[in-house]
Amino acid sequence: MKVDYIIVGCGLAGLAFSHRLKEAGKSFVIYDNSSQKSSMVAGGLYNPVMLKRMTLAWRADVQLNMARPFYSRLEIELQKNFDHPIPIRRLIHSPEEQNNWFQACDNPVLKSLLYKDLIKANHKGFDSPFGLGEVNSTGWIDTRKLIEAYKKVLKNKNLLRHEPFQHKEMITTTENIQYNDIISEQVVFAEGFGMKKNPFFNELPLTGNKGELLTIKAPGLKIDFILKSGIFLIPLGDNLYKAGATYNREDKSDLPSERAKKELQKKLSKLLNCDYTIVDHIAGIRPTVKDRRPLVGRHKKHKNLYILNGFGSRGVLIAPYASEILYNHIESGEAIPGDMDISRFDQDLGRASFSS
Ligand SMILES: Cc1cc2nc3c(=O)[nH]c(=O)nc-3n(C[C@H](O)[C@H](O)[C@H](O)COP(=O)(O)OP(=O)(O)OC[C@H]3O[C@@H](n4cnc5c(N)ncnc54)[C@H](O)[C@@H]3O)c2cc1C
């Protein structure tokens, strides 16, 4: 069987890249063994504003303009609704934070994304004496629903193989790659934290950051926006809310931990004055990079091996953008922006690196 591409991984990265291929009429097969869960457990938020520092997130304006149409095309194709555009409201804790908010509203870059007037409403489930600051152009993607629906379609078309990709069994030539019964022009690795086991790219500085989320039932909360105060609370309907997430650089297992549960419970008790019960607890490893930029590019020695990774905690916005960049690089020779290109680590790793 001959294809244009093999893709390893069907999280947000593999999904976005394969969809780009489909739109361009290229053929592909995806391998995914469900060994990583980041995209399946993600809160799915998209928010162009870094609320801690009140700055625009890295290229978020460009990414947002690509992401919204991308997810809406997928909604039409898959005939499912998974984009939930709703505002994020940040709880303001002090007069100083109020000032910071007003200052940010005057920033020309953020102006169109923030509402200047703080919202002073009474909410039963939590106190907000200093008001709430609202960000627009935000929402959340039900990433699990999206990936499950996408995989189902791929499976029906025989384009998805649910098995581990064995890197050592690839036969690479200058012309193409042979893997089992497949001959492919290119291979794109979109393995998330699974990249650590990829002998061709595992020297890249992917650190990984474990995240955990709770789903809670809180009938007394009654909010129809995403509430941000240390943690996010995302309304799912039926009085259910996703609450999270935690960040842990040490623990690299993707099992829910008692420690994270306690941490989230502590933050919830501080924030909420209504009762809640925990109905679910999930965990995954975010593919984070030390300089917080994606890992996109070509292997130094094997010219038909590529990587698409390092989306950190912002995969929903970055996936369509980084996929487009990689696609245009492979197919049209367009340059990858220097801050995303893996060649930025050449010096750290030495020229001999990536030559498995
Ligand atoms: C708790 C939590 C909350 C988050 N919340 C948000 C959020 O609100 N908004 C946001 O934008 N981002 C969020 N993120 C981050 C987001 O999930 C990631 O940026 C994104 O999902 C990474 O996608 P990926 O495809 O690169 O990696 P993954 O989702 O890890 O996908 C990699 C895929 O490759 C497969 N794979 C790996 N190795 C192999 C192999 N050898 N053979 C076959 N298959 C293989 C794995 O099974 C997996 O399916 C969150 C992450 C976590 C953990």
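Just so you know, all these numbers are worked out from the coordinates, no wet-lab data involved. All values reported here derive from a predicted model rather than from experimental measurement. Note: ideal-geometry Cβ built from the backbone for every residue, glycine included; neighbour counts use all protein chains shown.
For the chain, what proportion of DSSP beta bridges, expressed in % and rounded to the nearest 5, is antiparallel? Counting DSSP beta bridges with both partners in the chain, the antiparallel share is about 70 percent. Other residues lying with their Cβ under 13 Å from the Cβ of Ile182 contribute a combined charge of -3, Lys and Arg counting +1, Asp and Glu -1.
The packing ranking of peptides 107-120, 143-156, 207-220, highest mean first, is 207-220, 143-156, 107-120, where packing means the average number of other beta carbon atoms within 10 angstrom of each residue.
Listed by chain and number, the lysines whose C-alpha is less than 26 Å from the C-alpha of Lys300, apart from same-chain residues fewer than 8 away, are Lys2, Lys26, Lys168, Lys196, Lys197, Lys290. Here the convex hull built on the C-alpha positions of region 209-286 has a volume of 84 cubic angstrom per residue.
Of all the options Pro320, Pro337, Pro48, the one that moves most in a Gaussian network model of the chain with Cα springs shorter than 10 angstrom is Pro337.
Between region 23-43 and region 200-257, how many Å separate their Cα centres? If you average the Cα positions of each part, the centres end up 21 Å apart. The convex hull defined by the C-alpha atoms of region 153-223 has an orientation-averaged projected area of 8.9 nm². The calculated P(r) of region 236-348, using every Cα pair and 5 Å bins from 0, goes 2, 9, 16, 16, 13, 12, 10, 9, 7, 5, 2, 0 in percent. Judged by the gyration tensor of its Cα atoms, with axes a ≥ b ≥ c, region 1-76 is prolate; a/c meets the 1.5 cut and a/b is the larger of a/b and b/c. Evaluated at q = 0.13 Å⁻¹, the base-10 log of the normalised Debye intensity for the chain, with identical point scatterers placed on the Cα atoms, takes the values -1.03. Specify whether the C-alpha gyration tensor of region 177-307 places it in the rounded, prolate or oblate class, a ≥ b ≥ c being the square roots of the eigenvalues: rounded for a/c under 1.5, otherwise prolate if a/b is larger than b/c and oblate if not. Because a/c hits 1.5 or more and a/b exceeds b/c, region 177-307 counts as prolate. Taking other Cβ atoms within 10 Å as a rough exposure proxy, Asp280, Asp254 sort from fewest to most as Asp280, Asp254.
With the convex hull of the Cα atoms taken as the outline of region 1-132, the averaged projected area works out to 11.3 nm².
Per residue, the chain reaches -8500 deg cm²/dmol at 222 nm when only DSSP H runs of four or more residues are counted, each adding -39500 (n - 2.57).
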